[in-house]
Structures are given as C-alpha cells and as structure tokens.
Amino acid sequence: GYNRAELYSGKALDFDGVNDSVNVPDSDELDGFTNFTYSVIAKADSTPNYCRLFDTGNDTIQAAINLDDQLYLYINSTFIKFDYVLELNKYLHFAIVFTGGQDLKLYINGVLEETKTHSISSTGTNSTNLAIGANTGLTGNVWDGYMSNARLFNTALTAAQVADLYNNP
C-alpha cells in the first residue's frame, strides 16, 4: 500500500488556529436538509475550544472538536456528542452522515465508529454561508491544523460510498 500521510502532504490547507477559514459564498441552499453527509480529511495540531470542522451558522449544522478532543455536532441547536476521541497530529478521514429522523453516523477512515439516534427532522434554515475551519457567527473557534477534500453532500451516503471516499481520495 501507500503512505496516506505522504498522499496528503502538501495537498491540504493549513489552518493556523487564529483566523484562517474557507467561506463558501451563496451556500444558503444548504437549508432544510433532511439528509446530508460531510466528509473531510483533517489533522488537528491542537484543539482550541470548539474548533470547527465546518459551520453553516447558528441553529443549523456545526461540527466541532472541543478541548476534551471529542467531536460534537449541533443540528438545530441540538447538541450531540460522539464518544470518539480525536487523535492529534494524525490525518483522519471524517464522514458524518445525517439521516433525518433516524441516525447520525460517524465514520473514521471509512469505518463506522458510532451511531447516535436522534429526533431531528431537518437542518433548519440559514442565511449564513458555509465556513470550513471556523465559526460563522463568532470570532474564535477556528481549526488549528490541516484539512483537505472537504465535501458536503445533500444526501446520506451509504457505508460503501463513505469507504470509497476514504479509499479513493
């Protein structure tokens, strides 16, 4: 096989943990998802309080890593904490799959790590653009590390599709 760290080396965006982010204009069409998948390859250098993998604004969708190195997801102000503890300084492929009214699944490196049952029916409405690596509404909460291959799908990917994203970046 090949060394995935070498594959991503030099091909990822370096977020400084201070003020770097990628803002996606005209992304308010992300409103009202009943199913979605967020996929990203990331390496955290540190975990500032609630550093964001992505954020579509308050009361919609936010994925963050907290100081305890655990992944948190907010959908419509509902707080969901995964038990998976982030490994610092290691490239990981995250895929968060939301199926409205059923399950929220966390895949790490193409493997299902955890499923949370929820009662959230959609992602709500939003007038804020998608931000990768930062909080759209506040200063701070920015990613410190690297990210590449960030993708947001308006459908819940299957386990085979998530594995394919991991195996064929």
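Data table
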{"item": "Considering residues of the stretch 67-87 that are modelled with pLDDT under 75 and touching a strand residue (DSSP E or B) at 6+ places or on another chain (Cβ under 6 Å) only, the residue nearest to Asp14 (Cα to Cα)", "result": "Tyr74"}
{"item": "Search result, residues across the stretch 13-36 that are in a loop (DSSP other than H, G, I, E, B), over 17 Å from the mean Cα position of the chain (by Cα) and either at pLDDT below 80 or surrounded by 15 or more Cβ atoms within 10 Å (Cβ to Cβ) (or both)", "result": "Val18, Pro25, Asp26, Gly32"}
{"item": "Condition broken by Ala63, with the remaining ones in (1) at pLDDT below 80; (2) in a strand (DSSP E or B); (3) open to solvent by 10 Å² or more (accessible area, probe 1.4 Å) satisfied", "result": "(3)"}
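Results for (1) open to solvent by 30 Å² or more (accessible area, probe 1.4 Å); (2) more than 18 Å from Gly17 (Cβ to Cβ); (3) hydroxyl-bearing (Ser, Thr, Tyr); (4) modelled with pLDDT under 85, shown as yes or no for each residue.
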residue	(1), (2), (3), (4)
Ser46	yes, no, yes, yes
Arg52	no, no, no, yes
Gly57	no, yes, no, yes
Asn89	yes, no, no, no
His93	no, yes, no, no
Val97	no, yes, no, no
Ile108	no, yes, no, no
Asn126	no, yes, no, yes
Asn135	no, no, no, yes
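The values are calculated or read from the model by the stated rules, or taken from the named source; none is laboratory data. If you're wondering where the values come from, they're calculated on a predicted model, not measured in any experiment. A quick note on method: Cβ atoms are made from the backbone with ideal geometry, for glycine too, and the neighbour counts reach across all protein chains shown. SASA here: full protein model, heavy atoms, side chains in, ligands and nucleic acids out. Shrake-Rupley method; radii C 1.70, N 1.55, O 1.52, S 1.80 Å.
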